[in-house]
Ligand code: NAD
């Protein structure tokens, strides 16, 4: 079994990005600039945005954090988005989700200029992904593709089972794995909460990508010998031995499944660290105005 080290690959990617930034600046280009909008004081969102801003500093990007109180009006948020859309110094920006209930996430996402939508959530960018046109691939699926690439995991002609069909992970993942490109060309089965006999599908899978949000959901009896297991889940479970009172586990029962898997990502340290590196990569693409 080979453990896929997302932390290591993420650091490699970040040092490659940092080098590219140095080269760009040496050639007289401006510093890439990522902005983030954070609404409210949800601790998880604050942590995520904080790590994204810190990662920008590490690779030599400029970053701007725009914060609003949870009661900000939709109109005020839309006005800020319009401002960022028109600010030539900002190459890309993200709006940290979830937003408070009185704000329509869809309306906000659709207001982002597609060429600055480095999260890849705008319908135009999702459409471009489906059509196999250059676009910003949302960070988590992009991170997974890069892990498969860096570990030279063959995908051509393989059967890939994606579990979960969310807009940010499962659905784009299924599209990427089926694409007619070097990394892709899989036969994809997209499973979800209405799938019957899930185990029949997973037992036939060469590659399983689990994005369900249920701790230890994928068990060893569901997995074929030698399969590639990508665990996207981040779930908190009680753990009295930890000071915090909890630990993080994935959607895959790691101890058992790792004995059968050919490759497996751990949680933490697998897919998670790749998400931020991918956001940085998208920002670099935005700064280079590649499309
Ligand atoms: P989501 O809740 O939006 O979607 C979960 C999906 O799982 C749904 O499509 C649902 O149909 C499917 N599902 C639920 N029960 C099922 C069942 N019994 N059988 C088959 N399918 C079932 O979740 P999400 O936003 O895609 O996130 C999934 C997990 O990945 C969460 O744990 C989340 O924290 C984690 N996540 C991690 C990263 C990262 O950077 N590593 C990024 C995003 C999400």
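We did not get these values from a lab; they are worked out from the coordinates using the rules stated. Bear in mind that the values here come from a model prediction, so they are computed numbers and not experimental data. Cβ sites come from the backbone with ideal geometry, for glycine too, and all protein chains shown count toward neighbours.
Numerical summary
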{"read-out": "Complete set of residues in the stretch 198-208 that are more than 11 Å from the ligand (Cβ to nearest atom) and either surrounded by fewer than 21 Cβ atoms within 10 Å (Cβ to Cβ) or touching a residue at least 60 places away in the same chain (Cβ under 8 Å) (or both)", "value": "200, 203, 204, 206"}
{"read-out": "Test: residue in the stretch 169-177 that is surrounded by fewer than 21 Cβ atoms within 10 Å (Cβ to Cβ) and over 19 Å from the mean Cα position of the chain (by Cα)", "value": "no"}
{"read-out": "The listed residue being touching a helix residue (DSSP H, G or I) at 6+ places or on another chain (Cβ under 9 Å) and either in contact (Cβ under 8 Å) with a residue 40 or more places away in the chain or in a helix (DSSP H, G or I) (or both), out of 110, 83", "value": "110"}
{"read-out": "Any hit, the stretch 209-226, residues being away from the ligand (no atom under 13 Å from the Cβ), closer than 16 Å to residue 144 by Cβ and in contact with a strand residue (DSSP E or B) (Cβ under 8 Å, 6 or more places away or on another chain)", "value": "no"}
{"read-out": "Residue, surrounded by the fewest Cβ atoms within 10 Å (Cβ to Cβ), within the stretch 210-234, restricted to residues that are touching a residue at least 24 places away in the same chain (Cβ under 8 Å) and outside any loop (DSSP other than H, G, I, E, B)", "value": "220"}
{"read-out": "Verdict on residue 38 being in a helix (DSSP H, G or I) and either free of Cβ contacts under 8 Å to residues at least 40 places away in the same chain or surrounded by 13 or more Cβ atoms within 10 Å (Cβ to Cβ) (or both)", "value": "no"}
{"read-out": "Qualifying positions in the stretch 252-267 - in contact (Cβ under 8 Å) with a residue 40 or more places away in the chain and in contact with a helix residue (DSSP H, G or I) (Cβ under 8 Å, 6 or more places away or on another chain)", "value": "259, 260, 264, 265, 266"}
{"read-out": "Members of the stretch 256-266 that are away from the ligand (no atom under 16 Å from the Cβ) and either over 15 Å from residue 226 (Cα atoms) or assigned to a strand (DSSP E or B) (or both)", "value": "263"}
{"read-out": "Members of the stretch 166-187 that are within 16 Å of the ligand (Cβ to nearest atom), touching a strand residue (DSSP E or B) at 6+ places or on another chain (Cβ under 6 Å) and over 19 Å from residue 13 (Cβ atoms)", "value": "170, 174, 177"}
{"read-out": "From the options 132, 125, residue that is more than 16 Å from the ligand (Cβ to nearest atom), part of a loop (DSSP other than H, G, I, E, B) and within 26 Å of residue 210 (Cα to Cα)", "value": "132"}
{"read-out": "Top-ranked residue of the stretch 235-246 - restricted to ones that are more than 14 Å from the ligand (Cβ to nearest atom) and closer than 22 Å to residue 7 by Cβ, ranked as surrounded by the fewest Cβ atoms within 10 Å (Cβ to Cβ)", "value": "243"}
{"read-out": "The stretch 147-165 - residue that is within 16 Å of the ligand (Cβ to nearest atom) and in a helix (DSSP H, G or I) and, of those, nearest to residue 273 (Cα to Cα)", "value": "147"}
{"read-out": "Qualifying residue in the stretch 139-146 (condition: closer than 20 Å to residue 48 by Cβ, part of a loop (DSSP other than H, G, I, E, B) and within 16 Å of the ligand (Cβ to nearest atom))", "value": "no"}
{"read-out": "Test for residue 190: is it in contact with a strand residue (DSSP E or B) (Cβ under 9 Å, 6 or more places away or on another chain), within 16 Å of the ligand (Cβ to nearest atom) and over 18 Å from residue 158 (Cβ atoms)", "value": "no"}
